[in-house]
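K.L.:
Got a structure here, written out as structure tokens. Questions coming.
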Amino acid sequence: MGFGHLNFIVKEDSKIKKESGERRIGLFGGTFNPIHLGHLRGAEEIWESFQLEEVIFIPSSVPPHKVTERIIEAKHRLEMVKLATSKNRHFSTSDVELSRPGKSYSVDTIRFFRERQQDSLFFILGRDAFVEIETWKEFQNLFSLSDVIVMTRPGSQKNSSSSPLPRGLTRSFRYDSGEKAWIHLSGHLLYFKEISFLDISSTKVRELIEKGGSVRYLIPAEVEAYIQEHGLYQRNM
């Protein structure tokens, strides 16, 4: 099948999805160790820009790419995500990866949702994670299961004259200026979306807590209270 014909299929399929009332669901995975305002603001902007019905936050169990990170118990990370998202009716939380034994793989999670519902799925991840995607399990198959949204910093695409795709993906995509997205051989779309950049990271939050510093306005107040109540990320953990 040529890409010219594929472009027609993608546009017609998008029209069918909209008319059929199919829900548009975002899947946002991560360790959330802990969840912070950058995660929440990014998810809010993606929800609004892509007219999603819901963004599902999915804390990972044993992420294969963060073996050096000190990750606290899954039950705490899950509870903090629930607290952080509870006031937004468009956000929800899933423990699908935490209830699955072994390491967490995104392709398995997307398959889980794909097999159980007919919604349009949008897998959401950050630019830093995307540049390592060739090391992910079945990374080529991931793009055959859902659309993908890569969150980027403001100006990051304008300052780069080269393709934003890792070398291993270039033959599987072509850019469509009408869709403002990259079209995969399967017909699914890959978007690069600039979001407001909040210079916050889970690493910075953990370091501040360990040093006894303030994390106010970096994480939700409910999450800060939970961390204090359970003594998380303390030096003597």
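The values are calculated or read from the model by the stated rules, or taken from the named source; none is laboratory data. Note that the structure is predicted; figures quoted are calculated from it, not measured. Positions of Cβ are backbone-derived with ideal geometry, glycine not excepted, and every protein chain shown enters the neighbour counts.
K.L.:
I'm trying to understand the selection: among the residues of the stretch 163-216, which are small (Gly, Ala, Ser) and either more than 21 Å from Gly231 (Cα to Cα) or touching a Lys or Arg at 6+ places or on another chain (Cβ under 8 Å) (or both)? Let's see the steps before the verdict.
P.N.:
Keep residues of the stretch 163-216 that are small (Gly, Ala, Ser), which gives 163, 168, 172, 177-178, 181, 186-187, 196, 201-202, 212-214.
Within the stretch 163-216, Ser163, Gly168, Ser172, Ser177, Gly178, Ala181, Ser186, Gly187, Ser196 meet the criteria.
K.L.:
Another question, if that's okay. Which ones in the stretch 83-92 are crowded, with 20+ Cβ neighbours inside 10 Å and either of a type in the set (Val, Ile, Thr) or touching a strand residue (DSSP E or B) at 6+ places or on another chain (Cβ under 6 Å) (or both)?
P.N.:
Residues satisfying the conditions are Thr85, Phe91.
K.L.:
Taking the residues in the stretch 104-134 that are free of Cβ contacts under 8 Å to residues at least 60 places away in the same chain and acidic (Asp, Glu) as candidates, determine which candidate is surrounded by the fewest Cβ atoms within 10 Å (Cβ to Cβ).
P.N.:
Ranking the qualifying residues of the stretch 104-134, first place goes to Glu115.
K.L.:
Among (1) within 24 Å of Met80 (Cα to Cα); (2) surrounded by 12 or more Cβ atoms within 10 Å (Cβ to Cβ); (3) among the polar types (S, T, N, Q), there is one condition Ser163 misses while meeting the rest; what is its number?
P.N.:
(1)
K.L.:
Listed residues Ala84, Ala74; which is touching a helix residue (DSSP H, G or I) at 6+ places or on another chain (Cβ under 6 Å), modelled with pLDDT of 80 or more and closer than 19 Å to Val205 by Cα? Spell out the reasoning first.
P.N.:
On the way: Ala74 fails: touching a helix residue (DSSP H, G or I) at 6+ places or on another chain (Cβ under 6 Å).
It is Ala84.
K.L.:
Out of all the residues in the stretch 35-55, is one or more closer than 30 Å to Ser214 by Cβ, modelled with pLDDT under 95 and either of a type in the set (A, V, I, L, M) or not in a helix (DSSP H, G or I) (or both)?
P.N.:
no
K.L.:
From the list Ile149, Ile124, Ile110, pick out the single residue that is assigned to a helix (DSSP H, G or I) and more than 22 Å from Tyr226 (Cα to Cα). Give the steps one after another, and end with the answer.
P.N.:
Numbers: Ile149 fails: assigned to a helix (DSSP H, G or I); Ile124 fails: assigned to a helix (DSSP H, G or I).
None of the others qualify; the one that does is Ile110.
K.L.:
For the stretch 171-237, which strands (runs of 3 or more DSSP E) that fit wholly inside it have 3 or more residues that are surrounded by 15 or more Cβ atoms within 10 Å (Cβ to Cβ)? Steps first, answer last, please.
P.N.:
Values: elements: 173-176, 181-184, 189-194.
Filter on the stretch 171-237 gives 181-184, 189-194.
K.L.:
For the stretch 32-56, give me each residue that is among the polar types (S, T, N, Q) and under 23 Å from Ala221 (Cα atoms).
P.N.:
Initial filter on the stretch 32-56 (among the polar types (S, T, N, Q)): 33, 49, 51.
Listed by number, the list holds a single entry, Asn33.
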